[in-house]
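Readers should treat all values here as calculations from the given coordinates under stated rules, not as data from a laboratory. Owing to the predicted nature of the structure, the values given are computational and were not obtained by experimental measurement. Heads up, the Cβs are rebuilt from the backbone with ideal geometry, glycines too, and the neighbour counts pull from every protein chain shown.
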Amino acid sequence: MPDDWTRSGSNRTGFVPRVPATDPPLLTTCERVTIESMAQDVRFIVFNPEEELTRPLRALIHGCDSAKIVAEVEEAALLLQAARQFPVDAIVVNLDPNPDAILPAIGELVQETSAAVFATSRSTDGPLILKVMRLGVREFLPYPIEQESLQEAVSRVAMQRVANTASGKLITVMGASGGVGATMLAANLASELADLADGRVTVVDLDYRFGQVATFLDVEPTYTLADLCNSPEQLEPQIVERTLVRHSSGLHVLSRPANFAQAETITAASCTGLLTCLQQMNEYVITDGPIRSDPSARSVLDICDVNLLVVHLLIPSVRNAARIIEAMREGGYNLERTKLICNRTGKESGSLSVEDVSETLGLPVYASVPDEWAAVSGAINLGEALRSHSPKSKARAAIREIAERLHAPPPESDDKDNRKKGLIGRIFAAS
């Protein structure tokens, strides 16, 4: 059956062909990472039981660069059938006039298809939005939908598609709060993976203003992240190659912008576009960050394979981690990709333990890095990786083990029951 078909309200016995719209232009210049992949249309199914919204929704989707409607459905019972029948990238679901009637179908869509699900409604009721996002909906777009918001969502789907075809693994390292050691972990994890991997490994500094990856590794970049993000039409392997700095440990470094003004020019599309390009050139791409919640950070988390969330055994750090995890859960992110790392363990930490952190946050602790301040600070001050500065230190051994687990993952253990909060959870609930 041809792709360009729609479910007609006047012919409920089958799908009828619709006249295809004029092909929209390709993605904008800042989103052309690999021309062949990004030039393909982002295919949509639209579920809309309200006839008066048919034309406005069509106009909105057709108004987005690279978006194309392949089917329109008016009955919830036919939505999953259409998603199975047509190869699509995204599904727009109008929740009105009866959201509760469509929620089960949304749950089935998320479970059984790989398409991104966008929900829209005139209602901005908080419990409804939370319920929808917990089902795994990628975007909630209040109606009337803003064209710019929909275009950004379409661009993220296009970026995700390119990321899915990339060969390299993207690993993000996020600190739950300042000073937890995310930069130290990112730099040393990249060094260890460079030793383990057969292909290239690159570490990228996503702290656009205060990043210190280059300092930690004692490299002097000639070009930075901003140079690539501000010239995306030239994102070719030869250009990227000249931008990276090779560290003595074998890994490659892409530094933060040289000044604050350059940091302001980096967009979500250009950042994720660069990362997906790097994935095609590397076996591993490790990022120090994202460090804050903004469109760029959300785009990076959309395409990462593993997200390492670094915490200290301190209440402020764990409270921040709880907020980050809750925001990710509400945003529909797959928390199975988020791994907790407890840093600087082994010292007296009052009544707070690694087990308490795991129980409180509802996630297992993936690994712990012991507190070896002398070895770690010495390596930082000399701009060396622990692999060369303190190869026998316990901190280096712990990071090496993390790298080995990521490089050759062991069989998955059943940790899905580790979701309930313990007594320490009351501390965080009170905040």
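For the pair ARG84 and ARG209 in one chain, pulling the backbone fully straight at 0.36 nm per residue adds 40.5 nm over the alpha carbon distance.
Around the Cα centre of segment 225-355, unit charges on the Cβ atoms of Lys, Arg, Asp and Glu (plus for the first two, minus for the last two) sum to a dipole of about 440 debye.
Can you bin segment 113-221 into rounded, prolate or oblate? Criterion: square roots of the alpha carbon gyration tensor eigenvalues sorted a ≥ b ≥ c, rounded for a/c under 1.5, prolate for a/b above b/c, oblate for the rest. Prolate, since a/c reaches 1.5 and a/b exceeds b/c.
Give the shape of segment 165-294 as rounded, prolate or oblate, defined through the alpha-carbon gyration tensor: a ≥ b ≥ c are the square roots of its eigenvalues, a/c under 1.5 means rounded, and otherwise the shape is prolate if a/b is larger than b/c and oblate if not.
Taking the square roots of the gyration eigenvalues as a ≥ b ≥ c, segment 165-294 is rounded.
Between beta-carbons, use under 15 Å as the cut-off and find the net charge around GLN262, counting Lys and Arg +1, Asp and Glu -1. Summing Lys and Arg as +1 and Asp and Glu as -1 gives -2.
Counting alpha carbon pairs within less than 8 Å and at least 6 residues apart, what relative contact order, in whole percent, applies to segment 269-400? Contact order relative to length: 18 percent. Working from Cα pairs under 8 Å separated by at least six residues, relative contact order for segment 134-231 is 14 percent.
Name all residues of segment 56-79 having a backbone nitrogen under 14 Å from the label point set 7 Å from the Cα of SER123 along its Cα→Cβ direction, giving them as ranges. Within reach of a label on SER123: no residues.
Shown here for segment 309-413: trypsin sites (Lys or Arg not before Pro) in loop regions (DSSP other than H, G, I, E, B) with at most 13 other Cβ atoms within 10 Å, namely LYS347, LYS392.
Considering only alpha-carbon pairs that sit under 8 angstrom and 6 or more positions apart, the relative contact order computed for segment 207-336 is 23 percent.
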